[in-house]
Amino acid sequence: MKALFIGGTGILSSASAARAVEKGFEITMLNRGKSLRKPPTQAKILQADINDTQAVQAVLGDQHFDVVVDWIAYTPEHVQRDLNMFAGKTGQYIFISSASAYQTPPSNIPFRESTPLQNPFWEYSRNKIACEELLINEYRKNKFPFTVVRPSHTYDRFVVPAEGNYTVLDRMLKGKPIMVHGDGTSIWTLTHNTDFAKGFVGLMGNSHAIGETFHITSDEWLTWNQIYKILGKTLGVDPQLVHVPSELIAAYHFEIGSSLLGDKAHTAIFDNSKIKQVVPEFSANVPFSLGAREIVEWHMADTSRQIIDTDFDALSDQVISNYLKAWPS
């Protein structure tokens, strides 16, 4: 089967491309070639900006694909562009939405695909919801063969799954306090990208996925305190965690605050029954204890990978200092 990946070298897409090739898909990747994640050697690489319609038409021509996956569509305008470009030229269009589109804060846990979509805190999530609505309408009107996938927090060895990325590890190693939103006891779901890929590739070309929506996550649940403690243990340190209200962090930094209040500050547990029914081979087998080891080993293997976000580092110092002055422990 022929599949087109728009993007293809991100956290989600790189693992999915590798597994798709293993499963026998003929993969064409359309991207700008600016990622540290290398595409599979068997994939055909076409360099073009998806927003440059003429350039895309020049490299794709009139090719028909069994599956088209847009990994970098974030707004209804992006999806409408894809509809104009691929209607009648694909047997399945997969849109990457987000689990943050689910009702926030949630009134019921676990999340199911039938959970209402509503996020008053984060524009990113509202845009994803609008994209889904556009695809549903197109399916009803013209039977456009869409599938929606809602990932939650998915990671690989290249990125620390916490605000600040490597800066968090650096602060731990230096004995500096770590800013943790809320009291650190909200439950979170982290999914390794190779586990996500199992479920995702199983949906590609799957007739049972047309017109349907799926989330694909691990079944391992951790508190944020546990997540930071596991990272610290992997580094060989006992991190000093300072708990700061999410609303206060948002007052200092709008973008970080939006991602907290619109996502990470709330418990996120998922019922994965639907993906397991449609893709029986799906199972999430990489615990975060193993994922954390991969993350630490990769970053520590080369000092060029140890990039400190000085703005986030300074923000952490400022917020923690001011918070402890106002509410000393």
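Quick check: anything in region 163-174 surrounded by fewer than 22 Cβ atoms within 10 Å (Cβ to Cβ), farther than 27 Å from D309 by Cβ and modelled with pLDDT of 95 or more? No. Residues that are free of Cβ contacts under 8 Å to residues at least 40 places away in the same chain, surrounded by 21 or more Cβ atoms within 10 Å (Cβ to Cβ) and among the small types (G, A, S): does region 47-70 have at least one? Scanning region 47-70 turns up no residue that is free of Cβ contacts under 8 Å to residues at least 40 places away in the same chain, surrounded by 21 or more Cβ atoms within 10 Å (Cβ to Cβ) and among the small types (G, A, S). The residues on offer are K128, K143, K174, and the sole one that is among the charged types (D, E, K, R) and closer than 25 Å to Y323 by Cα is K174. Scanning region 96-129 for residues being farther than 20 Å from E255 by Cβ and surrounded by fewer than 21 Cβ atoms within 10 Å (Cβ to Cβ) gives a total of 13. Of D263, D219, D271, all but one fail to be under 20 Å from H153 (Cβ atoms) and touching a helix residue (DSSP H, G or I) at 6+ places or on another chain (Cβ under 6 Å); the exception is D263. Of the residues making up region 214-262, those that are of a type in the set (S, T, Y) and touching a residue at least 40 places away in the same chain (Cβ under 8 Å) are T217, S218, Y228, T234, S246, Y252, S258, S259. Looking across region 183-218, just one residue is in the same structural domain as K23 (by TED's automatic domain parsing), of a type in the set (D, E) and either in a loop (DSSP other than H, G, I, E, B) or under 24 Å from A162 (Cα atoms) (or both), and that is D195.
Specify which of the listed residues (V237, V279, V319) is modelled with pLDDT of 95 or more, surrounded by 17 or more Cβ atoms within 10 Å (Cβ to Cβ) and more than 25 Å from T191 (Cβ to Cβ). That would be V319, the only listed residue that is modelled with pLDDT of 95 or more, surrounded by 17 or more Cβ atoms within 10 Å (Cβ to Cβ) and more than 25 Å from T191 (Cβ to Cβ).
The values are calculated or read from the model by the stated rules, or taken from the named source; none is laboratory data. Quick caveat: nothing in here was measured; it's all calculated off a predicted structure. Cβ: placed from backbone, ideal geometry, glycine included. Neighbour counts: every protein chain shown.
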